Amino acid sequence: MDMEKTYQPENFESGIYKKWEEEGLFKPSRDTSRPSFSIALPPPNVTGSLHMGHAFQQTIMDTLIRYHRMKGDNTLWQCGTDHAGIATQMVVERKLAREEHLTRHDLGREKFIERVWKWKAESGGNITRQMRRLGDSVDWSRERFTMDEGLSRAVLEVFVRLYDEGLIYRGKRLVNWDPKLRTAISDLEVENRDVKGHMWYIKYMFADGVKTDEGKDYLMVATTRPETLLGDTAIAVNPSDPRFKSVVGKDVILPLVGRRIPIIADIHADMTTGTGCVKITPAHDFNDYAVGKRNHLPMVNILTEDAHIRDAAESFDDAGKPLPGYDAPIPEQYRGLDRFEARDRMVEDLNSQGLLDHIEDHDLSQPFGDRGGVPIEPMLTDQWYVKASVLGKPAMEAVRDGRIKFVPKQYENMYFSWMENLQDWCISRQLWWGHRIPAWYGKDGKVYVARNEEEVRSKYKLSKDVELTRDPDVLDTWFSSALWTFSTLGWPDDTPELRMFHPTSVLVTGFDIIFFWVARMIMMTMHFIKDKDGNPQVPFKTVYVTGLIRDEEGKKMSKSKGNVIDPLDMIDGIGRDGLIKKRTANMMQPQMAEKIAKRTAKQFPDGIAAHGTDALRFTLCALASNGRDINWDMKRLDGYRNFCNKIWNASRFALMNIGERKLEAPEASALSLADRYIRSKLKTAIAEVTEAIESYRFDNLASKLYEFFWNEFCDWYLEFCKPVFRNGTQEQKDATAYTLCDVLETSMRLAHPVMPFISEVVWKITAPMLGRGNAQGTVMVAPYPDGKGLEEDKEAEAAVEWLKDFTVSVRNLRAEMKAAPSKKLVVYLRGATEDEIRYTTENFSYLENLAGISEVKVAKEGEALPPCSSKPLRKAEVLIPMKGLVDATSEIKRLEEMEKKLEGNIRSGEARLSNQAFTSKAPAKIIEGAKAQLELNRAQLEKVKSQLSELRSI
RNA sequence: GGACGUUUAGCUCAGUUGGUUAGAGCAUCUGCCUUACAAGCAGGGGGUCACAGGUCCGAGUCCUGUAACGUCCACCA
């Protein structure tokens, strides 16, 4: 197999993946004698596309999966996609509106759902294609979709069981209502945004001629939502507020409406806020709802489901039962108006009637639906709820006692603080795309819950002629996601997979869905899945929480900001115009397009170059510092693409020098110093890399691989190999060839979890040369390096460290003397130890090349040398005759600077060591170190001084 | 209002239970097309570790406080 001269990943990555997949290598071994390792992929939106966050998380998952697979574990990466209720429905609705000018209501439920399935079929393959390009080794044969038959069965099962246990109930309550999507949403889906608004001060006139103690014939009420006054059913004052004590129990006249409402005393009213009087609208405000319940106030709903003023209000009692006797008329002029239009009209009318006292600017944080993007409206509706408080207790316990660990740990705080005051979870959605709620209603409104209509009739003993209608609502998407770890493994059946792979090993996800998903998964799983002793099983043992990937300025990547980069464009590259087109297509605010196009053109004048999958994955790992958001940096990606290129070329070097042939392992005695050294370093690198993976430090994993391969293997070892291949004996050549190939092959296995493709290419060439091929012919299932068979060799390391230091000293001097790189130098070494002299002379062939020298002369102490430029090296000294290279004056100047610096070091060292407190309290090791350092500095100073006096005497 | 996080070189970030003179990549400067690699090689410059106190022989690291930025939660008549 030939390696092309330059690294071009696009030529081989896709082909390699295809082969792996075709050969079924992503499936678990099912070898139960080995530990199981499993990850459930957080299911991406089925019709979505891959963004940087996915690429990041999936890289980490794939790295873990590949590592464990190579270790021989029975490894499963369970994948699949989510139906993403609201998101997907919205996309299809928008498409429908754009292309056919239709709403879903025009089509009707059945036809609409057909369209969604069609859309899924068309675009559902997008994200899985992208995952393949990323190299994800997921078991595609087990791919699931949350609305599959199997998973839907799990959803039904869970719902029915929870209902039968009394943990799911239906009730009329105030919920967060999205008027754009016309559905209830959970409190998690509400996003509070700071907006500039107003506070309106409105006079509510007393009925029956009542006056306050101050003699006013009205109560002043401050509100940010004047339009809701149509639904007011009381005014509240604080029970201990002296200003209003005398009017409690009296009535005021509701402005614009004329209805009488009572003044009540309730602690909700704060004497120091606003005017002290607060209007109570139980059907349109969460606090007021609580006040209404406490005081048994009627609740008056004045809004339609798209937040227009109703033609006639609906009245309920405090238990949510219709209250036809309560007459809450809506003045004709407001009927049918949008809520904000109605506000304007009413404020105008209040003003003209002299009931508007004044308006103040007011900053408030307003709730918005995170999907629909419009202000949500608290709305009185019938919804289904999960009693989260009951399920929450064991879920909290599992994290508290360590059965589930968060990495980084600080996210546990976030989890606890949310779990501690867990609200019941509203699970019904007034959508069409999703799992339909398995509840049926009789004509009398009675509720029956079972897996299907047939079961309802037998379970509740209903005869055939009882008419039943099914609840039209669907479940919150997160309801089915919460079952993901076990529903994908075949639950409610007791499958071998469930026994083998549950609990899963680790969950990799973003902090933004800890509440939405992680917490609910823990609750549901622990309630339904028990181990063989009947104890609740956790869904996963570790939660690895990733930060967000932001753009280079630290801004969130979003379509509307036009700063998104598709991970695939970094892999395969994209031209400038293509990138601009992508970023400005289908914009919600087309006016932004021009700005985005300009910025993009400026930032990427030549588009984005192809970097390959391995470089992208390596970069993502390198940037994955624990618990931090990542500001994406293209330069890092460039740097790591260069690293791939380095691996490529080092491999080419090896093949050029060895040739593709079978290699025999040499006797230990045949190994050169460099061979011993690199084997020793490799052993350390293996230990460090393994430790990094095990502790989820993917940044360390990347930097250890990088350091070893580039700074040790390439910068030094390959250079050490050159003279051997040029001038060595056959035996020396063979030993070095073997070591070179061995270390390269092992490095590829070490790197494979992060860089699956380039490691495959190089491994496939090198492994057979060493007799390490496998039946499948892939590094994917080759054993992960464990360092066995490699020896730590302190002596070789020490010798090579000396050779490196020596080389660096000579290079330093050469640069300072401005000697041409091509000029071979004669170098004197003076004052070295016996070992150091031996290292130098025995390995002169290495130095010749690395330092560009023709001869090393070992000089005795006091021996007269020609005038030299010199540099202390440890306690010895390296000298190069300055003749023709540098004059004495500048050399003296350089040495004087060095002298100054050394003297400074010595002074501070002496001060430290003469400090009683230090010598008596610091550990011996530190004191020894300080002494050695001082001694070294003194020796070096002595060298510098004598050299100085010698030069000055010329 | 409550909680958490961040602040280290021009930029993006490491820095372990406190221990000699604080690191990497990129950028920058100098010199090199040296038969694996110019996507490279060799060498250099660049830091009051946000600020103020404290503990300690010793603080980037521990404690207290301050500031700026960020995130989450709660509240908002």
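The values are calculated or read from the model by the stated rules, or taken from the named source; none is laboratory data. Quick caveat: nothing in here was measured; it's all calculated off a predicted structure. We place every Cβ from the backbone using ideal geometry, glycine too, and count neighbours over all the protein chains shown. Note: areas computed on protein heavy atoms with side chains; ligands, DNA, RNA excluded. Shrake-Rupley method; radii C 1.70, N 1.55, O 1.52, S 1.80 Å.
Against the list (1) at pLDDT 90 or above; (2) surrounded by fewer than 14 Cβ atoms within 10 Å (Cβ to Cβ), the condition A:M570 fails is (2). Residues that are surrounded by 20 or more Cβ atoms within 10 Å (Cβ to Cβ) number at least 3 in the following helices (runs of 4 or more DSSP H) confined to region A:449-506: A:477-481, A:484-487. Determine whether A:S759 is modelled with pLDDT of 95 or more, more than 14 Å from RNA strand B (Cβ to nearest atom) and polar (S, T, N, Q). For A:S759, the condition - modelled with pLDDT of 95 or more, more than 14 Å from RNA strand B (Cβ to nearest atom) and polar (S, T, N, Q) - is met.
If I filter region A:841-850 for residues that are more than 16 Å from A:Q940 (Cα to Cα) and in contact with a Phe, Trp or Tyr (Cβ under 7 Å, 6 or more places away or on another chain), do I get at least one hit?
Here is the first cut: in region A:841-850, the residues more than 16 Å from A:Q940 (Cα to Cα) are A:841-850.
In the following step, the residues that additionally are in contact with a Phe, Trp or Tyr (Cβ under 7 Å, 6 or more places away or on another chain) were identified as A:846-847.
Yes, region A:841-850 contains a residue that is more than 16 Å from A:Q940 (Cα to Cα) and in contact with a Phe, Trp or Tyr (Cβ under 7 Å, 6 or more places away or on another chain).
Do we have any residue at all in region A:637-651 that's open to solvent by 60 Å² or more (accessible area, probe 1.4 Å), part of a strand (DSSP E or B) and within 14 Å of RNA strand B (Cβ to nearest atom)? Scanning region A:637-651, I find no residue that is open to solvent by 60 Å² or more (accessible area, probe 1.4 Å), part of a strand (DSSP E or B) and within 14 Å of RNA strand B (Cβ to nearest atom), so the answer is no.
Does A:A917 qualify as being more than 8 Å from RNA strand B (Cβ to nearest atom), over 24 Å from A:G831 (Cβ atoms) and either in a helix (DSSP H, G or I) or open to solvent by 90 Å² or more (accessible area, probe 1.4 Å) (or both)? Criteria not met by A:A917. For region A:652-678, a residue qualifies if it is crowded, with 18+ Cβ neighbours inside 10 Å and polar (S, T, N, Q), and the qualifying residues are A:N657, A:S672.
Checking the stated criteria, A:E667 turns out not to satisfy the condition of being within 36 Å of the chain's Cα centre (by Cα), within 26 Å of A:E797 (Cβ to Cβ) and not aromatic (F, W, Y). Given the condition more than 9 Å from RNA strand B (Cβ to nearest atom) and farther than 25 Å from A:L323 by Cα, answer yes or no: does some residue in region A:263-278 qualify? The answer is no; no qualifying residue exists.
Looking at A:L156, A:L151, just one residue is touching a Pro at 6+ places or on another chain (Cβ under 7 Å) and either closer than 17 Å to A:K387 by Cβ or more than 16 Å from RNA strand B (Cβ to nearest atom) (or both), and that residue is A:L156. Would it be correct to say that A:E594 is in contact with a helix residue (DSSP H, G or I) (Cβ under 9 Å, 6 or more places away or on another chain), in a helix (DSSP H, G or I), open to solvent by 60 Å² or more (accessible area, probe 1.4 Å) and not aromatic (F, W, Y)? For A:E594, the condition - in contact with a helix residue (DSSP H, G or I) (Cβ under 9 Å, 6 or more places away or on another chain), in a helix (DSSP H, G or I), open to solvent by 60 Å² or more (accessible area, probe 1.4 Å) and not aromatic (F, W, Y) - is met.
From A:R260, A:R243, which residue is modelled with pLDDT of 90 or more, charged (D, E, K, R) and under 19 Å from A:A207 (Cα atoms)?
Of the residues listed, the single one that is modelled with pLDDT of 90 or more, charged (D, E, K, R) and under 19 Å from A:A207 (Cα atoms) is A:R260.
Residues that are part of a loop (DSSP other than H, G, I, E, B), free of Cβ contacts under 8 Å to residues at least 60 places away in the same chain and either on the phi > 0 side of the Ramachandran plot or within 13 Å of RNA strand B (Cβ to nearest atom) (or both) within region A:540-572 comprise A:K555, A:S558, A:K561, A:G562, listed in sequence order.
Being surrounded by fewer than 21 Cβ atoms within 10 Å (Cβ to Cβ), within 27 Å of the chain's Cα centre (by Cα) and closer than 27 Å to A:E189 by Cβ: is that true of A:M70 here? It is false that A:M70 is surrounded by fewer than 21 Cβ atoms within 10 Å (Cβ to Cβ), within 27 Å of the chain's Cα centre (by Cα) and closer than 27 Å to A:E189 by Cβ. From the list A:K883, A:K900, the one residue that fits, being more than 9 Å from RNA strand B (Cβ to nearest atom) and closer than 25 Å to A:K824 by Cα, is A:K883.
Quick check on region A:763-772. Is at least one of its residues among the hydroxyl-bearing types (S, T, Y) and either touching a Pro at 6+ places or on another chain (Cβ under 9 Å) or away from RNA strand B (no atom under 16 Å from the Cβ) (or both)? Among the residues of region A:763-772, not one is among the hydroxyl-bearing types (S, T, Y) and either touching a Pro at 6+ places or on another chain (Cβ under 9 Å) or away from RNA strand B (no atom under 16 Å from the Cβ) (or both), which makes the answer no. Suppose the filter is open to solvent by 20 Å² or more (accessible area, probe 1.4 Å) and within 16 Å of RNA strand B (Cβ to nearest atom); does A:T32 pass it? Spelling it out, it is not the case that A:T32 is open to solvent by 20 Å² or more (accessible area, probe 1.4 Å) and within 16 Å of RNA strand B (Cβ to nearest atom). Of the residues making up region A:362-414, those that are surrounded by fewer than 20 Cβ atoms within 10 Å (Cβ to Cβ), among the aliphatic types (A, V, I, L, M), modelled with pLDDT of 85 or more and not in a helix (DSSP H, G or I) are A:V374, A:V407.
Taking region A:180-289 and the strands (runs of 3 or more DSSP E) fully enclosed by it, the elements with 1 or more residues that are open to solvent by 30 Å² or more (accessible area, probe 1.4 Å) and charged (D, E, K, R) are at A:190-205, A:251-253, A:260-265.
Among the residues of region A:333-341, are any within 16 Å of RNA strand B (Cβ to nearest atom), open to solvent by less than 40 Å² (accessible area, probe 1.4 Å), modelled with pLDDT of 90 or more and out of contact with any Phe, Trp or Tyr (no Cβ under 6 Å at 6 or more places or on another chain)? Yes, some residue in region A:333-341 is within 16 Å of RNA strand B (Cβ to nearest atom), open to solvent by less than 40 Å² (accessible area, probe 1.4 Å), modelled with pLDDT of 90 or more and out of contact with any Phe, Trp or Tyr (no Cβ under 6 Å at 6 or more places or on another chain).
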